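J.: Pasting in a structure now, in structure tokens, and then I'll have a few things to ask.
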Amino acid sequence: MAKISTVVIQKPDSSFRDLVEQVLQGRFVIRHQAPPERPLSESPPPMVLWDTSGFEQDELESIAALLAPEPVGVLVLCPELDPACRRALARCQALGLACRPSGPAALAAHWELARDLHRRLLALRAEHDTLQVELAERRLIDRAKLLVMAASGCSESQALKRLQLYSRRHNRRLVEVAQGLISGYEFFDDQEDD
């Protein structure tokens, strides 16, 4: 997996500034002192450490709104868990909360856990996308088999063998053959309706 960058959203006068510096020392960090102007769409999506100290309620809401639709991993660092912070946590779907961490080791443990969850979520999203493509391809092949079965009166296994044979002979992927067959059928089926 590609290296995941770290984005820190933090006010310059935050009481957690030194603590965050110690924990993220040596990492590639992009700092934002105010809400980022643009979505955080990088590949792979970054990990965000959001220090809510010093942000007004409207700023918290706008940052949470910016982070919500993005597939970023968010660890929220807050001095206390007040209602505004709770709303921001829920809205941005944070992976973790570090409320008044006792020191660098505690924040580092929160950070590592959130980062591991983020990596796992990215892997699951990639697997989901792959499975969606495979399912769509399987549906096309099944539909093409039905067309071959209806046209030639053969069994399902014979229809699949015919499609596979055509695929090999013409050096095309099976799903491409299936898509071509379905497209041709739909074209001629539409012609009959006219």
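The values are calculated or read from the model by the stated rules, or taken from the named source; none is laboratory data. All of these numbers come straight from a predicted model, not from anything done at the bench. Neighbour counts run over all protein chains shown; Cβ positions are idealised from the backbone, glycine included.
J.: Answer with yes or no whether residue 153 is surrounded by fewer than 18 Cβ atoms within 10 Å (Cβ to Cβ) and within 30 Å of residue 7 (Cβ to Cβ).
T.: So residue 153 fails the test.
J.: Any idea which of 121, 181 is under 30 Å from residue 70 (Cα atoms), outside the structural domain of residue 75 (by TED's automatic domain parsing) and in a helix (DSSP H, G or I)?
T.: On inspection, the qualifying residue turns out to be 121.
J.: Okay, next question. Among what's in segment 7-20 and is in contact (Cβ under 8 Å) with a residue 40 or more places away in the chain and surrounded by fewer than 19 Cβ atoms within 10 Å (Cβ to Cβ), pick the residue that is nearest to residue 64 (Cα to Cα).
T.: This residue is 11.
J.: For segment 1-23, give me each residue that is in a loop (DSSP other than H, G, I, E, B), hydrophobic (A, V, I, L, M, F, W, C) and more than 28 Å from residue 125 (Cα to Cα).
T.: Scanning segment 1-23 gives a single hit, 16.
J.: Something else now. Can residue 88 be described as part of a helix (DSSP H, G or I), modelled with pLDDT under 90 and crowded, with 17+ Cβ neighbours inside 10 Å?
T.: When the stated conditions are applied, residue 88 passes them.
J.: Next up: Has segment 138-149 got at least one residue that is within 30 Å of residue 43 (Cβ to Cβ) and aliphatic (A, V, I, L, M)?
T.: Checked segment 138-149: at least one residue is within 30 Å of residue 43 (Cβ to Cβ) and aliphatic (A, V, I, L, M).
J.: Among the residues of segment 41-89, which ones are basic (Lys, Arg) and touching a Ser or Thr at 6+ places or on another chain (Cβ under 6 Å)?
T.: Across segment 41-89, there are no qualifying residues.
J.: Separate question: Given the structure, is residue 108 at negative phi, small (Gly, Ala, Ser), buried (at least 19 other Cβ atoms within 10 Å of the Cβ) and in contact with a helix residue (DSSP H, G or I) (Cβ under 6 Å, 6 or more places away or on another chain)?
T.: no
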